[in-house]
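Colleague: Got a structure for you, written out below as structure tokens; questions coming shortly.
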């Protein structure tokens, strides 16, 4: 089994990959819908340094969920504004879940006996599932909030938008309560679904890999 330092050396590039494809997908979707804002800002790139949010990266390292620096988007360019925002918001989590699906296939069918190979696949699976599912939670400023806001009737959406300023506070409180008061909120809404989906992608080999890392 690899030492802790070596594990971190594997996790760092996997983290960079996860946040990069997430934000690139947002920018590419917006660009495909007619919005050049991300491209003009230099965010339509595979350079991970352009996309990292320090706090989101720390959370992804520690808890296997987190977020990246949002790409700039101008919905005024979208022909159908609400539909365009939904598609743009979905693109990031779907990119992560697609990457996790591919990693799961390799874990399920092409699991080789190399320690680094196993770690890369496991972190690709868990970090991408974690990032994808976490961002689908409908709490501002996460992607799920943009999806929900543009599904709701306009008047309800406006009320939801006004409440959005409290979203980051809610997220921080949930994380703190879960870690220090052991409320189990994250287990219920994220960790259990994350491992269930990971098992769906990777099969029973997922449990073997988790045992390998302990």
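Every number in this text was worked out from the coordinates using simple rules, so none of it is lab data. Not measured: the values here are computed from a predicted model. Using ideal geometry, Cβ is built from the backbone for each residue, glycine included, and neighbour counts are taken over all protein chains shown.
Colleague: According to a simple spin-label model (label point 7 Å from Cα along Cα-to-Cβ), what is the distance in nm between residue 32 and residue 200?
Modeller: 2.2
Colleague: Moving on. With a Förster radius of 35 Å, plug the Cβ-Cβ distance of residue 47 and residue 105 into 1/(1 + (r/R0)^6) and report the FRET value to the nearest 0.05.
Modeller: Computed FRET efficiency for residue 47 and residue 105 comes out at 0.80.
Colleague: Between region 151-202 and region 83-132, what's the alpha-carbon centroid distance in Å?
Modeller: Centre-to-centre (Cα) distance: 20 Å.
Colleague: Would you calculate the convex hull of the Cα atoms in region 4-213 and tell me its volume per residue in Å³?
Modeller: Each residue corresponds to 128 Å³ of Cα convex hull volume.
Colleague: Let me ask something else about it. If each of residue 117 and residue 4 carries a label point 7 Å out from its Cα toward its Cβ, how far apart are those two points in nm?
Modeller: So the two model labels end up 2.8 nm from each other.
Colleague: Further, regarding this structure: By counting other Cβ atoms within 10 Å of each Cβ, how are 194, 88 ranked from fewest to most?
Modeller: Fewest to most other Cβ atoms nearby, the residues stand as 194, 88.
Colleague: While we're on this one: Quick one: plug the Kirkwood hydrodynamic radius of region 96-214 (C-alpha pairs) into Stokes-Einstein at 4 °C, 1.567 mPa s, and report D in µm²/s.
Modeller: On the way: Rh = 15.9 Å.
Answer from the Stokes-Einstein relation: 81 µm²/s.
Colleague: Now, a different point. Round to the nearest 0.05 the FRET efficiency obtained for residue 163 and residue 98 when R0 = 45 Å and r is the Cβ-Cβ distance.
Modeller: 0.90
Colleague: Springs between alpha-carbon pairs under 10 angstrom, Gaussian network model over the chain: which of 27, 167, 132 fluctuates most?
Modeller: Result: 167 has the largest fluctuation of those listed.
Colleague: Sorted by mean Cβ packing within 10 Å, highest first, what order do the peptides 11-17, 133-139, 183-189 take? Present the calculation step by step, with values, prior to reporting the outcome.
Modeller: Numbers: 11-17: 18.1, 133-139: 21.4, 183-189: 14.0.
Output ranking for 11-17, 133-139, 183-189: 133-139, 11-17, 183-189.
Colleague: Can you show me the helix-derived [θ] at 222 nm for the chain, built from DSSP H runs with n ≥ 4 at -39,500 (n - 2.57) apiece and divided by the number of residues, rounded to the nearest 500.
Modeller: One gets -21000 deg cm²/dmol as the mean residue ellipticity at 222 nm.
Colleague: With angles folded into 0 to 90 degrees, how steeply does helix 167-176 sit against the dominant principal axis of the chain? Use alpha carbons for both and round to 10.
Modeller: Once rounded, one gets 20 degrees.
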